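S.K.: Quick one: structure below, then a few questions.
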Amino acid sequence: MTGIRAWGIDVGSSTTKIVGVEAGGTMCLHLLEDSEPRAEEQIVRMLQRAAAASGDQRVRPLVATGYGRKLVQQADRVVTEITCHARGAYRALGHGGTLVDVGGQDSKVIKLGPQGEVLDFAMNDKCAAGTGRFLENTCRRLGVDLERLGEVALAARDEATLSSTCTVFAESEIVSLLAHGVGVEPILKGLHRALVQRLVAMIHTVGLTPPLMLSGGVARNPAVARLLEAETGETVVVPPHPQLLGAFGAALVALESVGERPGKP
Amino acid sequence: MQPDVNVAPLPSIPRRRDLARAHHERGGLVAAVLPIHYPRALLRAFGILPMEVWGPPNVDAARAASRLQPYVCSIVRNALSFLESGGLQIADLLIVPHACDSLQGLGSVLLDFVHPAQPVLPLYLPRNPAPEGTAFLADEFRALHQRLAEVTQRTPSESELMQAILDEEVADDLLRRVHEQRPTLPLTTFDFYHLVRAREFLPLDSFVSLARAILAMPAVKSPPKIPIVLSGIVPEPMDMLRAVDELGASVIADDLACCGRRLYPAGRSRDPFMRLAESLLGGSPDSTRGSPIQDRLDHLLGLAHSTGSRGVVFHDVKFCEPELFDLPVLRRGLRDAGLPSITVEVDLNDAVSHQARTRLEAFLEMIA
């Protein structure tokens, strides 16, 4: 494959992603792996994979983002996830609005202007509630496959009320609900509701400017989008490859660094 | 990114312990003074060296756990822990201004339960800046004068007191000029605060010399940096300031309780106590003095506009009630005025977290 003009790498807490873009900013290659403890070794290996897959032995220019961005020694520049997700969302969807990014380790609400510029943002970076880790931990406890989590929650006719959004206390509460004979589906729906309500509180801190967009690995969970719509009354737009948006945005920043402007979606 | 403006050797700052020892050897007393506002000149008139206690950071705060509620901020918690671990043994007296409920509570805890070896002198600050507040504060200073006379067994004459006030007014004016001159000073943000915060413990002459040395530094035209205003109580942990430098930003003005809110103008009255009160209440709006939020908002906007700052970083200590009550209104007002802001919440005992740094970094990317 030739024609890749710029690269982005997003070293997240759950997954590590690499995206290559061609002229105009179209995504033309991506790699995704679960993040490993030895991040630097994994980065080298993934960049080698990217080089082999693209035929671009240099994998440059490269912009790094994500919580492990500073570990990417090969990067020409490091940029935060806020900027990269905003850049990626605007290129993918072509409009501003309010972007909710639910990652493995934190969640963010980013207010985008009409040209995709970041106007304001809020981050939940102190507590696992409202993050992918919140869902991961609890689905493990309930013995439900992570990929089916949203589907199972949406199938519930009833909904259990979880009074705590603290991951640790929620787990205790789930054990208690199970012991009282409450089914897995209602618990899962209640769990998603708790997560979404946490996100909605963050949305209110920056103000909701429609349309509402959702990115990050959790955006692949249909229950989150559905409940977010129910809680806000707004349609939720999920861009293609929501999990790759950070790496995509990083690649777009790299593209701009060589004087090329990303086109419209 | 490396800071690039540190082109001048920094004046050295003596250690607190050495200063206290030297002052004792000259027959003077040392006062440990808790935040925020107090009449420095009044203490100097009694030959007392004030040493402010803003925490300090990184002490074992567990010692205070048995006496303070869990929601008390780390400035107060650390101060009590520091005292109980013997860190304030160099002090001959403790002065506790009632800046907030937590500090007022600390004053009561010290007097009623801890009973430290040193006398504890509370200082009540008015929440009303009107003339009645000035008169009240002048009376408070008269009462403090009386207590200091009992502690030191000496009473300065009125002319000695007035001279101490005039000398401090010179130092205050120099400090204000240092703040005004900061855009052209060859100092990183970290180094700037390292130097100006020496006002918290240096003897008058030493500080005046230091301020004059700073003002005499060759002006530099720094490469473009992202100018920001810093607001909050105290710039601790100081590593946050290193992060500001490394991320290509520069604090161009501040609304910090320990710095920018203490650029006191000279008083006007000939009565020394009224003059002290006028000066202290003439500082910029402050949540701990009960200033209206609109005044604080106007002040922040004025600072940002006059310095060309692109945003405001609220660097707040967890559980700081006076600051946190004002915060939502201030941020909304700034947003309405088109000035972005961000909050970074810190604890004096914690290192700057990766998350806090990311938050700051993203904010700087946003306003760059």
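The values are calculated or read from the model by the stated rules, or taken from the named source; none is laboratory data. Remember, it's a predicted structure, so these values are computed and weren't measured experimentally. Note that we place each Cβ from the backbone using ideal geometry, even for glycine, and neighbour counts take in every protein chain shown. We work out accessible area using only protein heavy atoms, side chains counted, and drop any ligands, DNA or RNA first. Shrake-Rupley method; radii C 1.70, N 1.55, O 1.52, S 1.80 Å.
S.K.: Within a 10 angstrom radius of each residue's Cβ in B:334-345, how many Cβ atoms of other chains show up on average? Whole number is fine.
M.R.: For this peptide, the per-residue mean of nearby foreign Cβ atoms is 1.
S.K.: Calculate one ³J(HN,Hα) per residue across segment A:175-184 by plugging θ = phi - 60° into the Karplus curve 6.51 cos²θ - 1.76 cosθ + 1.60, and present them in order as whole Hz with x for glycine and proline.
M.R.: Running phi through 6.51 cos²θ - 1.76 cosθ + 1.60 with θ = phi - 60° gives 4, 5, 4, 4, 5, 8, x, 6, x, 5 Hz.
S.K.: Loop only per DSSP, at most 13 neighbouring Cβ atoms within 10 Å: give me the trypsin sites (Lys or Arg not before Pro) in segment B:1-88, ordered by residue number.
M.R.: When the trypsin sites (Lys or Arg not before Pro) of segment B:1-88 are filtered for loop state and at most 13 Cβ neighbours within 10 Å, B:ARG15, B:ARG26 remain.
S.K.: Rounded, prolate or oblate for segment A:58-188? Axes are the square roots of the Cα gyration tensor eigenvalues, ordered a ≥ b ≥ c, and the cut-off for rounded is a/c under 1.5.
M.R.: Cα axes put segment A:58-188 in the prolate bin.
S.K.: Explain nothing, just compute: Karplus ³J(HN,Hα) = 6.51 cos²θ - 1.76 cosθ + 1.60, θ = phi - 60°, for every residue of segment B:92-106 in order, whole Hz, x for Gly and Pro.
M.R.: Here the 3J(HN,Hα) series is 9, 8, 10, 10, 10, x, 8, 6, 7, 4, 5, 5, 5, x, 5 Hz.
S.K.: Next up: What is the percent carbon and sulfur in the accessible area of segment B:16-155, measuring with a 1.4 Å probe over the protein chains and ignoring ligands?
M.R.: C and S fraction of accessible area: 51 percent.
S.K.: Right, here's the next one. What does the highest-first list of B:138-148, B:269-279 look like by mean Cβ count within 10 Å?
M.R.: The peptides rank, most packed first, as B:269-279, B:138-148.
S.K.: Moving to a separate point now. Put a dot 7 Å past each Cα toward the Cβ at B:ALA117 and A:GLN197; how far apart are the dots in nm?
M.R.: Going from the A:GLN197 label point to the B:ALA117 one covers 5.5 nm.
S.K.: May I pose another question? Using the alpha-carbon atoms, what tilt in degrees (0 to 90, nearest 10) does helix B:74-84 show relative to the longest principal axis of chain B?
M.R.: 40 degrees
S.K.: Could you work out what % of the accessible surface of chain A is carbon and sulfur, using a 1.4 angstrom probe and leaving DNA, RNA and ligands out of the count?
M.R.: 50 percent
S.K.: Please work out whether segment B:16-155 counts as rounded, prolate or oblate from its C-alpha gyration tensor, where a ≥ b ≥ c are the square roots of the eigenvalues and a/c under 1.5 means rounded, while otherwise a/b larger than b/c means prolate and anything else oblate?
M.R.: oblate
S.K.: May I pose another question? Each label point is 7 Å from the Cα along the Cα-to-Cβ direction; what then is the distance between the points at B:ARG63 and A:SER257, in nm?
M.R.: Spacing of the two 7 Å Cα→Cβ label points: 4.9 nm.
S.K.: Check the straight Cα-Cα distances from B:LYS225 and name the aspartates and glutamates below 19 Å, setting aside those fewer than 8 residues away within the same chain.
M.R.: Excluding near neighbours in sequence, the set is B:ASP4, B:GLU180, B:ASP191, B:ASP239, B:ASP245, B:GLU246, B:ASP254, B:GLU361, B:GLU365.
S.K.: Let me ask you something else. For chain A, list log₁₀ I(q)/I(0) at each q in 0.08, 0.17 Å⁻¹, using the Debye formula over Cα point scatterers of equal strength and ignoring solvent, two decimals each.
M.R.: -0.32, -1.21
S.K.: Let me ask something else about it. Cα gyration tensor of segment A:2-126, axes a ≥ b ≥ c as square roots of the eigenvalues: rounded (a/c below 1.5), prolate (a/b > b/c) or oblate?
M.R.: Verdict is oblate for segment A:2-126.
S.K.: Mind ranking A:178-184, B:291-297, B:206-212 by how tightly packed they are, going by the mean number of other C-beta atoms within 10 angstrom, highest first?
M.R.: Answer by packing, highest mean first, reads B:206-212, B:291-297, A:178-184.
S.K.: Another question about this same structure. Work out the mean other chain Cβ neighbour count within 10 Å for the residues of B:356-362 and drop it here as an integer.
M.R.: 6
S.K.: Quick check on packing: order B:101-108, A:140-147 by the mean number of other C-beta atoms within 10 Å, highest mean leading.
M.R.: Sorting B:101-108, A:140-147 by mean packing, highest first, produces B:101-108, A:140-147.
S.K.: Once each part is reduced to its C-alpha centroid, what is the distance from segment A:190-265 to segment B:221-265 in angstrom?
M.R.: Rounded to whole Å, the Cα centres lie 33 Å apart.
S.K.: Report, to the nearest 10°, how far helix A:222-232 tilts away from the longest principal axis of the Cα atoms in chain A, using its own Cα long axis and a range of 0 to 90°.
M.R.: Computed tilt is about 70 degrees.
S.K.: Continuing with this model, one more query. Does any residue of segment A:57-82 lose at least 40 Å² of accessible area with all protein chains in place compared with its chain alone, and if so which ones (probe 1.4 Å)?
M.R.: Buried-area filter returns A:ARG69, A:LYS70, A:THR80.
S.K.: I need the phi-derived Karplus couplings for segment B:214-231: 6.51 cos²θ - 1.76 cosθ + 1.60, θ = phi - 60°, integer Hz, Gly and Pro marked x.
M.R.: In residue order, the calculated couplings are 5, 5, 8, 4, x, 5, 10, 9, 6, x, x, 10, 8, x, 9, 9, 10, 10 Hz.
S.K.: About its Cα centre, how strong a charge dipole does the protein assembly as shown have in debye, to the nearest 20, once Lys and Arg get +1 and Asp and Glu get -1 at the Cβ?
M.R.: 840 debye
S.K.: Still on this structure, I have one more. Mind checking segment B:1-104 for chymotrypsin sites (Phe, Trp or Tyr not before Pro) that DSSP puts in a loop (not H, G, I, E or B) and that have at most 15 other Cβ atoms within 10 Å?
M.R.: Answer in residue order: B:TYR71.
S.K.: So if R0 is 35 Å, what FRET efficiency would A:ASP76 and A:VAL238 give, r being the distance between their Cβ atoms, rounded to the nearest 0.05?
M.R.: So the FRET efficiency works out to roughly 0.70.
S.K.: Can you give me the accessible area per residue for segment B:16-155, using a 1.4 Å probe, in Å²?
M.R.: Here the per-residue accessible area is 42 Å².
S.K.: Would you mind giving the total buried accessible surface between chains B and A, with a 1.4 Å probe and ligands, DNA and RNA left out, rounded to the nearest 100 Å²?
M.R.: So the total buried area for this chain pair works out to about 1400 Å².
S.K.: Report, in deg cm²/dmol and to the nearest 500, the calculated mean residue ellipticity at 222 nm for chain B, where each DSSP H run with n ≥ 4 adds -39500 (n - 2.57) and the sum is divided by the residue count.
M.R.: -14000 deg cm²/dmol
S.K.: Something else now. Which FRET efficiency value, to the nearest 0.05, is calculated for B:SER157 and B:GLU25 with the Förster distance at 22 angstrom and r the Cβ-Cβ distance?
M.R.: Computed FRET efficiency for B:SER157 and B:GLU25: 0.35.
S.K.: 222 nm [θ] for chain A, helices only, -39500 (n - 2.57) per DSSP H run of 4+, per residue, to 500?
M.R.: After summing the helix terms and dividing by residue count, I get -12500 deg cm²/dmol.
S.K.: Further, regarding this structure: Other chains near A:115-124: what is the mean number of their Cβ atoms within 10 Å of each residue's Cβ?
M.R.: Counting Cβ atoms of other protein chains within 10 Å of each residue's Cβ and averaging gives 3.
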